[in-house]
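Worksheet: the structure to be examined is printed underneath.
Rule-based calculations on the coordinates, nothing more; no lab input. Being a predicted model, the structure only gives us computed values, none of them experimental. A quick note on method: Cβ atoms are made from the backbone with ideal geometry, for glycine too, and the neighbour counts reach across all protein chains shown.
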Amino acid sequence: MLIDTSYFEAELSMGQITSPAVVASVNLFIEKYEEDLLTTLLGYPLYKAFMLGLADDPIDQKWVDLLNGAEYTYNGRLRKWGGILQVPNLNTSVINGADPVSITVGGAGDYDPVAESTTATIPAAMVGRNFTLIQRAYGPLKKGIEYSVSGNVLTLLNGLKFSQNDTYFYFGNGELVGVSPGTNKRSPIANYVYWHYLKDNVSFTMGSGEVKPKEDVSVSPRLKMVRAWNEMVYMNRELRQFLYANQSVYPDFSLNDYEGFNLFAGSLPGRWPLLRTQNGLGI
């Protein structure tokens, strides 16, 4: 199984989730509904290839992207598929960039360019880092138009040259240097399992049949179920777009596998999701 009981917290929290009996029950639901959801979303051929691919060592990148998410282009716009197993990035470390470094054309410094030349050695603090190059009394130069960068060499373009005694400044731009994963795991599988688990526990099986709790001592789980279902629908749609945009990478994917399934339609409070046969591709 791809998920476990650690996915059921925050908005998907379940009562007594640490109880051995509840853990055993939830694991049974995961075992049943994880495969049910993935074979429906991926189609059996792709699901089979996906599960076999996860058993390889090393795992092919296309299966890593399907599992953990990847950027892709859909309708000409960059998008991000979060992955079948999603862990949001919460803690980020950002630096403001290195202290500015100034150079003087014709000077004696390590990075001062030769007068009338078109190339200069980039200061060590800026190599491999985003930076802005500013010419005194002129302003920022446009990368790709007025200068280019290759390794530790900067080259002026379109007839520009370094003039004697002119001064330039390198300003390191703020960059993301570290991302720490959060702890709130997300997955469309978890939402699907949660929905079925709550639905199954709306009533209790007794010797005389199914019994519902008294209304004055219980609260209907319907709103939580609707919220979980709609969140799953959003992830399902993103997965569908990711696969549709990468059909050459996932040749086993077929839109025909969606025929008869309705895991892409949201639900409204006061009604169950529409689970009858329906084609809701929306592509």
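Some notes on this structure:
- Using a cut-off of 23 Å between Cα atoms, the listed pairs 62/199; 80/224; 80/185; 48/199 include 62/199; 80/224; 48/199 as exceeding that distance.
- Exposure proxy order (Cβ contacts within 10 Å, fewest to most) of 194, 72: 72, 194
- Taking each residue as 0.36 nm, the span from residue 75 to residue 6 lengthens on full extension beyond its C-alpha to C-alpha distance by 21.3 nm.
- Extension gain from residue 262 to residue 115, taking 0.36 nm per residue of separation minus the Cα-Cα distance: 46.0 nm
- Cβ-derived FRET efficiency at R0 22 Å, residue 56 paired with residue 22, nearest 0.05: 0.05
- Charge context of residue 162, other residues only, Cβ under 13 angstrom, K/R +1, D/E -1: -2
- Projecting label points 7 angstrom from Cα along Cα→Cβ for residue 152 and residue 29 puts them 5.9 nm apart.
- Pairs of Cα atoms farther than 15 Å apart, region 94-177, %: 55 percent
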